[in-house]
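The values are calculated or read from the model by the stated rules, or taken from the named source; none is laboratory data. Just so we're clear, the structure is a prediction, and the values are computed from it rather than from any experiment. Note that we place each Cβ from the backbone using ideal geometry, even for glycine, and neighbour counts take in every protein chain shown.
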Amino acid sequence: MAHRMKLAYGLIRKCTDGRMFTEKAVSSLSSTSIHSPSLLSPSNTVVLPVNANDFGRRMSSTDSADYKPVLVSVPEAKAFIKRCMEKAGASAEHSQQMADVLVMADHRGHYSHGLNRLEMYVRDIKAGTCNAAGEPVVVKEAASTALVDGHNLLGPVVGKFAMDTAIKKAKESGVGWVAAKASNHYGIAGYYGLLAVDQGLIGMSFTNTSPLCVPTRGKTLALGSNPICFAAPGLNGDSFVLDMASTTVAIGKIELAMRKKQTIPPVWGVDSSGEPSTDPAKVYNGGGLLPLGGSEDMGGYKGYGLNMMVEILCGILADAAFGPNVRPWSHSDREANLGQGFIAVDPGRFGEDFAERLQGFIDLMRHLPPADPSKPVLVAGDPERIHIAKCENLGGIPYHPNQFEHAIELAKGLDVQPMRAVGQ
Ligand SMILES: NC(=O)c1ccc[n+]([C@@H]2O[C@H](COP(=O)([O-])OP(=O)(O)OC[C@H]3O[C@@H](n4cnc5c(N)ncnc54)[C@H](O)[C@@H]3O)[C@@H](O)[C@H]2O)c1
């Protein structure tokens, strides 16, 4: 059913989250019309008979088989997350901030960090290991720096406060650099970088995370998947958005391979003796993720270095928990005390016409001859832009049916109105 759809070069689109972007990078992509009445299931749920692979690497990585995604509008996904967070006990404003970050992750195709993580945040609020109300505070400050105490509030609440502080300082003094302590899991690092880009600034963000990664030459968990975002504004809403974990893959990909009884590439993780393993169960149980790149001979020590750099800019700089001392993954028994970093830079304080020159650079890269004509050269942020364009064309975010069912179960448990699919 999938067909090819041409998109005009340079067309500017406005997404349902209000973000403007160009589709310059996308000369053509796969999509499916949702306008055919035959696509309505008996329950009037819009089902999309597409191949999961059409949704790109991240979505296809969650399931390679054909399935019928369930379409949910962006406003409904946000409203559902807000309902759940409020019912768990979070304030309306904090719940909204959580919804904005999680839905942006799904909209951009990073399903591992969207609705998928809602249950974890609900659990943290209900267990009282994360504070449901209050505000982060600046505890130390200079013209271009600040240390923020997150007061153990939800990660997106601390992250937005800290990045807004960095943005304000960058506008005043050219650079704003904020470190936050006593924070929690903040979702996709890209959300915070894009807050700066929206203001015409370069934005960077980092966070430490629970130990899941084995350092080069090691055999025990000592570092998180510590993501890095570097985002910079081009013209007409276009941008460069590098938003990545500093491990080769996220832990979710190991879990999935285990469930499907598949082997994994040896650059993803090691077993309990520190040896690269193709058995996901050995990586998951007693082993760990490899830094970006894989083993030492694959250059994984560079990923290891980047991973430690994040930790230095987060846990060490902010005086938060760091490295192996960070709370183990999926443990809600104590405060996480994550450290996070937020940097905003006003490019106008440097050479002239930054956005014009960056746009020229981005376009140059995108128009390089591809090795495979069916796969154009992209720049960081393009895969997410392609996913957003697909959501826009479909009229909502396509969720895996299992994820949708899980959201229904969560709604039942919390006794809130379930998330509605488009057409329901
Ligand atoms: N909060 C946390 O604890 C945490 C931890 C790890 C990751 N994350 C988040 O998870 C998300 C996924 O991370 P990931 O490393 O799996 O992302 P990924 O591997 O899908 O993409 C990483 C980056 O590479 C770019 N990219 C992908 N294909 C490309 C291509 N062909 N050409 C040029 N650029 C390309 C993407 O635009 C993106 O900027 C991120 O948003 C990250 O912030 C969060």
Problem - Single match in Ser277, Ser239, Ser246, Ser295 (criterion: more than 16 Å from the ligand (Cβ to nearest atom), in contact with a helix residue (DSSP H, G or I) (Cβ under 7 Å, 6 or more places away or on another chain) and small (Gly, Ala, Ser)) - result: Ser277
Exercise for the section: Would you check which residues across region 287-345 are of a type in the set (S, T, N, Q) and touching a residue at least 12 places away in the same chain (Cβ under 8 Å) and list them? Expected result: Ser295, Asn307, Ser330, Ser332, Asn337, Gln340
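Of a type in the set (D, E, K, R) and more than 19 Å from the chain's Cα centre (by Cα), is that true of Lys126? Spell out how you get there, then give the answer.
Details: of a type in the set (D, E, K, R): yes; more than 19 Å from the chain's Cα centre (by Cα): yes.
So Lys126 fits the description; yes.
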Problem - Elements of type helices (runs of 4 or more DSSP H) contained in region 118-232, each with 2 or more residues being at pLDDT 95 or above, buried (at least 24 other Cβ atoms within 10 Å of the Cβ) and away from the ligand (no atom under 16 Å from the Cβ) - result: 155-173
Exercise for the section: Could you please tell me which pairs satisfy a Cβ distance under 6 Å, a separation of 6+ or placement on different chains, a first residue in region 191-209 that is without any contact (Cβ under 8 Å) to a residue 60 or more places away in the chain, and a second residue that is assigned to a strand (DSSP E or B) and within 14 Å of the ligand (Cβ to nearest atom)? Expected result: Gly193/Gly203; Gly193/Ser205; Gly193/Cys229; Gly193/Ala231; Val197/Gly203; Val197/Ala231; Val197/Ser239
Practice task
Identify the single condition in (1) surrounded by fewer than 22 Cβ atoms within 10 Å (Cβ to Cβ); (2) part of a strand (DSSP E or B) that Ile316 does not satisfy, given that it satisfies every other one.
Solution key: (2)
Completion exercise
Inside region 249-265, the number of residues satisfying the requirement of being within 13 Å of the ligand (Cβ to nearest atom), farther than 11 Å from Leu290 by Cβ and in a loop (DSSP other than H, G, I, E, B) is 1
Fill in the blank from the handout: Gln424 meets each of (1) under 25 Å from the mean Cα position of the chain (by Cα); (2) part of a loop (DSSP other than H, G, I, E, B) with one exception, condition (1)
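Before we move on, is Glu384 within 16 Å of the ligand (Cβ to nearest atom), surrounded by 17 or more Cβ atoms within 10 Å (Cβ to Cβ), closer than 30 Å to Ala79 by Cα and of a type outside the set (A, V, I, L, M, F, W, C)?
Details: within 16 Å of the ligand (Cβ to nearest atom): yes; surrounded by 17 or more Cβ atoms within 10 Å (Cβ to Cβ): yes; closer than 30 Å to Ala79 by Cα: yes; of a type outside the set (A, V, I, L, M, F, W, C): yes.
Criteria met by Glu384.
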Practice task
Return the total of residues in region 370-408 being free of Cβ contacts under 8 Å to residues at least 12 places away in the same chain and in a loop (DSSP other than H, G, I, E, B).
Solution key: 6
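Yes/no matrix, rows are residues, columns are (1) modelled with pLDDT under 95; (2) in a helix (DSSP H, G or I):
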position	(1), (2)
Ser38	yes, yes
Pro49	yes, no
Phe55	yes, yes
Thr62	yes, no
Tyr67	yes, no
Lys78	no, yes
Lys82	no, yes
Glu86	no, yes
Glu93	no, yes
Problem - Contacts under 8 angstrom Cβ, first residue in region 87-113 being closer than 15 Å to Gly252 by Cβ and within 13 Å of the ligand (Cβ to nearest atom), partner β-branched (Val, Ile, Thr) and in a loop (DSSP other than H, G, I, E, B), 6 or more apart - result: Ala105/Ile188; His110/Ile188; Tyr111/Thr62; Ser112/Thr62; His113/Ile188
Completion exercise
Counted residues in region 343-369 being within 13 Å of the ligand (Cβ to nearest atom) and not in a loop (DSSP other than H, G, I, E, B) come to 3
